Amino acid sequence: MNYDRILIRYGELTTKGRNRNKFVEKLKMNIKRELRDFPNAKIEASRDRMYVLLNGENSEEIISRLKGVFGIQSFSPAVKVEKDIEVMKEAVLDLFKSLYKPGKTFKVTGKRADKTFPLNTDEINNTFGAHLLKNIDGLKVDVKNPDINMQIEVRKEAAYLTCENFRGAGGLPIGSSGKAMLMLSGGIDSPVAGYLSMKRGLEVEAVHFHSPPFTSERSKQKVIDLAEKLSEVSGFMTLYVVPFTEIQQLIQKKVPDNYTMTVTRRLMLRITDELRKKYNGLAIITGESLGQVASQTLESMYTINEVTNTPVLRPLIAMDKTEIIGISREIGTHDISIRPYEDCCTVFVPSSPKTNPRRDKVNHFESYIDFEPLIEKAVNQTEVIHIKPQAKKAEESFDELF
């Protein structure tokens, strides 16, 4: 017997109250986008469960896709059968035989959500376990660590059979928590911050600061490749490439060397905030980890944050570098990030950046420079790049899918 559907369990979504349907609808939309090249697959969603009806599509390929969708706690390929005990016995035996090899052990795990069903949980286990033992020679029971766990769930509308459980990506569906702007450098940290933000349901758009000729086209391409890798998670990505040469050169000329990094970060934050306003974001995301570099001390963050009241999200704030590198390897951004093409922060890094910059001093240095027209110019000249994952590019636009 082949599986005819995949049963999806929500996990954290079940803690939501009156607005749960909003989260479920976002998850359904994200799954639909992820499975868009499986035209026969259909999605059914309720408040408690979701099902992908396979309709002949390859279950293994769909399972592989679902593993990366945020908002899914776990899922199982399953068979839907009528709530008739004899019909269920036949279906259980057929499914078990398709997976069984001599010497494997088993157990039956029943769950009765429909209390009108004539067998309780223990009776389900005993009835269907005995049926399998009777019809398969040499079969042995192992209730603690079985090779095959035949799960039988009886719900109001039908019974569902499965022998396999897969762990989902967890988190919340992308887009269920609003939009935020990710300050995406070419380094290891910021792509990981973007990934973790998407896991908490944020729709992420990326902002990169490019300073030609000091930063090369290969440096820019590295960031595009990072954005494309992140788009494999979200299905799409918008990248804003900000021309930053003029501002950065002015900072180098007018600001004392040990404060140039602080002023540079403040200007980046101000420009990102303007792009957030222009494109209706609600927060800014950075890849900062407390104490990792001079601009990431608490004193530096305090001084840099002065330029905006917008929430600045720092998903990596309490992580060490080893943890961040581990995640970057898992999500596939590490090898792109370590390409030897420097971003504008690296190229212009001062020899002894201030680790405890003072707000009054920074404001004094900035008072001699009128940055407003330069910020406006940078925002107006920002290049907008719409990115889809290379492996899943399709002719239709995202809007056409829904």
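Points worth noting:
- Here the stretch 1-42 is scanned for amide nitrogen atoms under 20 Å from the site 7 Å beyond the Cα of Arg167 along Cα-to-Cβ, giving 7-14.
- Between Asn120 and Arg339, the contour length at 0.36 nm per residue exceeds the alpha carbon distance by 72.9 nm.
- Average accessible area per residue (Å²) across the chain - probe 1.4 Å, nucleic acids and ligands excluded: 48 Å²
- Long-range amide H partners of Phe209 with built H, under 5 Å: Val242
- Vicinal HN-Hα couplings computed from phi for the stretch 164-171 (Karplus, 6.51 cos²θ - 1.76 cosθ + 1.60; Hz; Gly/Pro x): 9, 10, 10, 6, x, 7, x, x
- Interchain or long-range residues, amide H under 5 Å from Thr297's placed H: Gly291
- Residue pairs, from the table Lys22/Lys115; Lys80/Lys111; Lys26/Lys83, whose Cα atoms sit over 21 Å apart: Lys22/Lys115; Lys26/Lys83
- Distance from the C-alpha centroid of the stretch 37-54 to that of the stretch 121-143: 31 Å, rounded to the whole angstrom.
- FRET efficiency for the pair Glu61 and Lys361, taken as 1/(1 + (r/R0)^6) with r the Cβ-Cβ distance and R0 = 56 Å, rounds to 0.45.
- Share, in percent, of DSSP beta bridges within the stretch 179-387 that are antiparallel, nearest 5: 25 percent
- Segment Glu86-Asp320, extension gain: residue separation times 0.36 nm, minus the distance between their alpha carbons: 78.5 nm
- In order along the stretch 315-327, phi translates into HN-Hα couplings of x, 9, 3, 9, 8, 8, 4, 4, 5, 5, 4, x, 5 Hz, rounded to whole numbers, per the Karplus curve 6.51 cos²θ - 1.76 cosθ + 1.60 with θ = phi - 60° and x for Gly and Pro.
- Here the stretch 5-167 exposes an accessible surface that is 44 percent carbon and sulfur, computed with a 1.4 Å probe and the other protein chains kept in place.
- With θ taken as phi - 60° and the Karplus curve 6.51 cos²θ - 1.76 cosθ + 1.60 applied, the whole-hertz 3J(HN,Hα) list for the stretch 202-211 is 7, 7, 10, 10, 9, 10, 10, 9, 10, 10 Hz, x standing for glycine and proline.
- Ellipsoid equivalent to the chain - semi-axes via the Cα gyration tensor, in Å: 53, 20, 18
- Hydrodynamic radius (Kirkwood) for the stretch 179-387, which is based on Cα pairs only, to one decimal in Å: 17.0 Å
- Taking amide H as placed 1.01 Å from N in the peptide plane, the amide H of Thr105 sits under 5 Å from that of Asp147, Ile148, each at least 5 places away or on another chain.
- Think of each Lys and Arg Cβ as +1 and each Asp and Glu Cβ as -1; about the Cα centre, that makes the dipole of the chain roughly 820 debye.
- Given 13 as the ceiling on other Cβ atoms within 10 Å, longest exposed-site-free region of the chain for trypsin sites (Lys or Arg not before Pro) in DSSP loops: 157-392
The values are calculated or read from the model by the stated rules, or taken from the named source; none is laboratory data. Given the structure is predicted, the values throughout are model-derived calculations rather than measurements. Counting neighbours? That spans all protein chains shown, and the Cβs are built from the backbone with ideal geometry, glycine included. For the accessible areas, the whole protein counts, side chains as well, though only heavy atoms, and no ligand, DNA or RNA atoms are used. Shrake-Rupley method; radii C 1.70, N 1.55, O 1.52, S 1.80 Å.
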